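Each remark here refers to the structure printed beneath this line.
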Amino acid sequence: MKSNRSPIEFGIIGLGRFGYALAETLASAGKEVMVIDNNEDTIKQIRGIVQEAFVAGTLTSEVLEETGIQNCATVIVCIGEKIDTSILTTLHVINMGVPRVIAKAISVDQGKVLERLGAEVIYPERDMAIRLANRLLYSKALDFIELDGDITVAEIKVTSKLKGKTIADTNIRKNFSINIIALEHNNVTTIEVSPETILQEEDALVVIGRKDQIARFEAFIAQ
């Protein structure tokens, strides 16, 4: 790994479900993406999709600098569950002078610390359950996740066209180039959405993708 790299648009640290979907969606929209994760298998899976992919067992400032993450215009730290690692990694990236740093948080206290460091904070689980359920209508973008004018997170109600089908049956990723990042059922939101999950009418899918692709999906299920 070397430090003198040309500028890249987005850097993503942590490839859990949220980070992986984010990286894949940005890359499919033609954006330059660099990713870092400690899981070698995950990096192998995504290596052909993004511009740069690095395995990093530890996220010290030295290791991060070697990847060239400091050359990214925007870095998203998606390590919300490991609070100490999340905070230290965010601090390292901010100290490197990255213009825009966004960090995932799983609690208000963690978010407050990240904000004090100078990061923009997102609460994927909380916001999916509260902001998406209560404030979003079809194709409304979440301001905190609109990393680029063309990338949107939206909540879409499941129609009768998808009722009784599994996520695998819908083939949403292949047919519409969008990713499902959460599902709301009976006012309960989960991010553990498997291919075998059966959709029910009035469920809500939380998806991320290009605005035109989301609009195409909405038109399809409204037929």
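Brief remarks follow.
- For segment 192-207, the Karplus equation 6.51 cos²θ - 1.76 cosθ + 1.60, evaluated at θ = phi - 60°, returns couplings of 8, 9, 9, x, 8, 4, 8, 8, 10, 4, 6, 5, 10, 8, 9, 10 Hz by residue, with Gly and Pro reported as x.
- Both radii are taken from the alpha-carbon atoms of segment 144-223; with Rh as the Kirkwood radius, Rg/Rh is 0.94.
- The chain: angle of helix 211-222 to the longest principal axis, Cα-based, in degrees nearest 10: 20
- Taking the C-alpha atoms only, the angle from helix 108-117 to the longest principal axis of the chain is near 40 degrees.
- Residue-averaged [θ]222 nm for the chain, counting only DSSP H segments that reach four residues, each worth -39500 (n - 2.57): -9000 deg cm²/dmol
- Checking the Cα-Cα distances for Lys157/Lys211; Lys44/Lys165; Lys104/Lys174; Lys31/Lys211; Lys174/Lys211 against a 20 Å cut-off, the pairs over it are Lys44/Lys165; Lys104/Lys174.
- The residues of segment 159-223 present an accessible area of 53 Å² per residue when probed at 1.4 Å with all protein chains retained.
- Of the trypsin sites (Lys or Arg not before Pro) found in segment 1-85, those that fall in a DSSP loop while having at most 14 other beta-carbon atoms within 10 Å are Lys2, Arg47, Lys82.
- Ligands, DNA and RNA left out, the accessible area of the chain computed with a 1.4 Å probe is 48% carbon and sulfur.
- Scattering curve values for the chain, log₁₀ I(q)/I(0), Debye with Cα scatterers, q = 0.12 Å⁻¹: -0.63
The values are calculated or read from the model by the stated rules, or taken from the named source; none is laboratory data. Predicted, not measured: the structure shown is a model, and the values here were computed from it. Virtual Cβ from ideal backbone geometry, glycine too; neighbours counted across all protein chains shown. Just the protein is used for accessible areas: all its heavy atoms, side chains included, with ligands, DNA and RNA removed. Shrake-Rupley method; radii C 1.70, N 1.55, O 1.52, S 1.80 Å.
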